[in-house]
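Undergrad: Got a structure for you, questions after.
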Amino acid sequence: MRNHACLAVALMLSVCLSGPKATAAEDALSAQINRIFTALADDKSPGLAVLVRKDGRNSFERGYGVRDLHTFAKIDPQTNFRLASCSKQFTAMSIMLLVHDGKLRYDDKLTDVFPDFPAYGKAITIRNLLNHTSGLPDYEDLMAAAEKRKGAPIWTDAHQIQDTEVLELLEQEKSGKFTPATQWSYSNSGYVVLGLVVEKISGKPLREFLRERIFAPLKMSQTVAYQKGQNEVTDRAYGHSKEGDAWKETDQSPTSATLGDGGIYSSLTDLAKWDEALAQHTLLSEKEMRPALTPAQLATSAHPQWPANSDRPAGTPVAYGFGWFLDPYRNHARMWHYGDTMGFHTYIERFATPGLTIVILCNRADLDPESLAAKVADTFLNAAH
């Protein structure tokens, strides 16, 4: 009995001694992270929201700057930012849920879903659309060509292109940019089409499918696929760009209404729930998630590379699954994505080891959340050594 009592006392002392040390270390890390961001925004400028999760819990969560320049409401964990291309992970999950339901297969052809699509769609699979090997033409290029033919603007900030119009533009083409699975090329067109696939197969608007199958089950109550006149964005951050020394609201563009490629708004609070669901395999089993975390392979056996005129130097290797880039950082495996649209820059990355997730959402165009996230990651990775 005496030995048990001594053991209990020893354990209590261990907890008491290690607790303050652990707290001090966490406080030091938080202060170090805060120093990365604190000078970037003030209470009169648009800014950013930062979330760091370590081992399944929030270790840092803070807003900097304001949501808009009319109310000067402060950015906080409930502020909703347009995710831009970080939306693609939700579109991909929607497709994966339909595969889970047995209503769709990754090897189904585009023409299986849309029989009237031109012949070049017969070689494009759902998998090709998910991992950017479809070769679909870029819809923004098709918009520019259509406006050039007309000799006048067709789409504006007030009259934005809709998903169905993107499909119509693609259906007017006779071929893609390349034979599917022979090259890799990041494709917003592919993810707009995937959103339409979700609608066609499920029989529901994408915004409703996302709400019913992802957002509501995960209690992501603030997150929406925004469609003007159909729903609203609460606690909304508006996008901004700097012109000279002044800020200008640049929240909308002619392409801001498309959904599958970038139309979702969310907050740190809700993205923490999304991160937890991914970690716990709440929506899909680990086995069902595996295709999303498997880098695209080309039919030629060549390693996929960034093409010319892209975000990275031409020829740089790229690893992409379903809605996630899979390139490692400092030899640590990770899944990540960026978002870049009118007035917004976003970034989400997840490291399985050391159990680290970083989310940075900016409502201004002059910040680079990818490099900022690297500084945060370095802070944790350096501390682990």
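Undergrad: Explain nothing, just compute: Karplus ³J(HN,Hα) = 6.51 cos²θ - 1.76 cosθ + 1.60, θ = phi - 60°, for every residue of the stretch 237-244 in order, whole Hz, x for Gly and Pro.
TA: Ordered by residue, 3J(HN,Hα) equals 8, 9, x, 9, 10, 9, 10, x Hz.
Undergrad: So what is the calculated 222 nm ellipticity per residue for the chain, using -39500 (n - 2.57) for each DSSP H run with n of 4 or more, over all residues, to the nearest 500 deg cm²/dmol?
TA: Using -39500 (n - 2.57) per qualifying helix, the result is -10500 deg cm²/dmol.
Undergrad: Let me ask another. Based on the Cβ-Cβ distance from residue 329 to residue 32, what FRET efficiency comes out when R0 is 25 Å, to the nearest 0.05?
TA: Calculated value: 0.85.
Undergrad: Next question. Could you list the square roots of 5 times each eigenvalue of the Cα gyration tensor of the stretch 340-385, that is, the equivalent ellipsoid semi-axes, sorted largest first and rounded to whole Å?
TA: Gyration-tensor ellipsoid for the stretch 340-385: 24, 10, 5 Å.
Undergrad: Can you tell me the convex hull volume per residue for the chain, based on C-alpha atoms, in Å³ to the nearest whole number?
TA: 177 Å³
Undergrad: Expressed in whole Å with the largest first, what are the equivalent ellipsoid semi-axes of the stretch 15-122 derived from the C-alpha gyration tensor as the square root of 5 times each eigenvalue?
TA: Semi-axes, largest first: 43, 24, 10 Å.
Undergrad: Okay, moving on. How do the peptides 188-201, 322-335 rank, highest first, by the average count of neighbouring beta carbon atoms within 10 Å per residue?
TA: 188-201, 322-335
Undergrad: Also: Counting only residues 5 or more places away or on other chains, whose amide H sits under 5 Å from the amide H of residue 60 once H atoms are built in the peptide plane?
TA: 52
Undergrad: Would you mind computing, in nm to one decimal, how far apart the modelled labels at residue 111 and residue 290 are, each placed 7 Å from Cα along Cα→Cβ?
TA: Roughly 3.2 nm, to one decimal.
Undergrad: Hey, what D do you get for the stretch 77-180 in µm²/s if you plug the Kirkwood alpha-carbon radius into Stokes-Einstein at 37 °C and 0.692 mPa s?
TA: 210 µm²/s
Undergrad: A further question on this structure: Using the Karplus curve 6.51 cos²θ - 1.76 cosθ + 1.60 with θ = phi - 60°, work out ³J(HN,Hα) for each residue of the stretch 129-135 in order, rounded to whole Hz, and write x for Gly and Pro.
TA: Calculated HN-Hα couplings, in order: 5, 5, 9, 6, 10, 7, x Hz.
Undergrad: Next up: Under a plain spin-label model, where a point goes 7 Å from the Cα along Cα-to-Cβ, how far apart in nm are residue 221 and residue 308?
TA: Output for this residue pair reads 5.3 nm.
Undergrad: What is the extension gain from residue 140 to residue 171, computed as 0.36 nm multiplied by their sequence separation minus the C-alpha to C-alpha distance, in nm to one decimal?
TA: In short, 9.7 nm is gained.
Undergrad: Here's a follow-up. Which value, in Å³ per residue, describes the convex hull spanned by the Cα atoms of the stretch 180-334?
TA: 187 Å³
Undergrad: When we measure straight from the Cα of residue 103, which lysines land under 28 angstrom away, once same-chain ones fewer than 8 places off are left out?
TA: Within the straight-line cut-off, residue 103 pairs with 88, 122, 200, 204, 219, 273, 287.
Undergrad: Also: So how far apart, in nm, are the two label points at residue 297 and residue 276 if each is 7 Å from Cα heading toward Cβ?
TA: 3.7 nm
Undergrad: Per residue and in Å³, how big is the convex hull formed by the alpha-carbon atoms of the stretch 216-290?
TA: Measuring per residue, one finds 146 Å³ for the Cα hull of the stretch 216-290.
Undergrad: Under 5 Å between amide H atoms, partner at least 5 residues away or on a different chain: which partners does residue 305 have, H built in plane at 1.01 Å?
TA: 184, 318
Undergrad: Compute the semi-axes of the equivalent ellipsoid of the stretch 126-234, taking the square root of 5 times each eigenvalue of the Cα gyration tensor, and list them largest first in whole Å.
TA: Square roots of five times the eigenvalues give 27, 20, 11 Å.
Every number here is computed from the coordinates shown, using simple stated rules; none is lab data. Owing to the predicted nature of the structure, the values given are computational and were not obtained by experimental measurement. All Cβ positions, glycine included, derive from the backbone under ideal geometry; neighbour counts span all protein chains shown.
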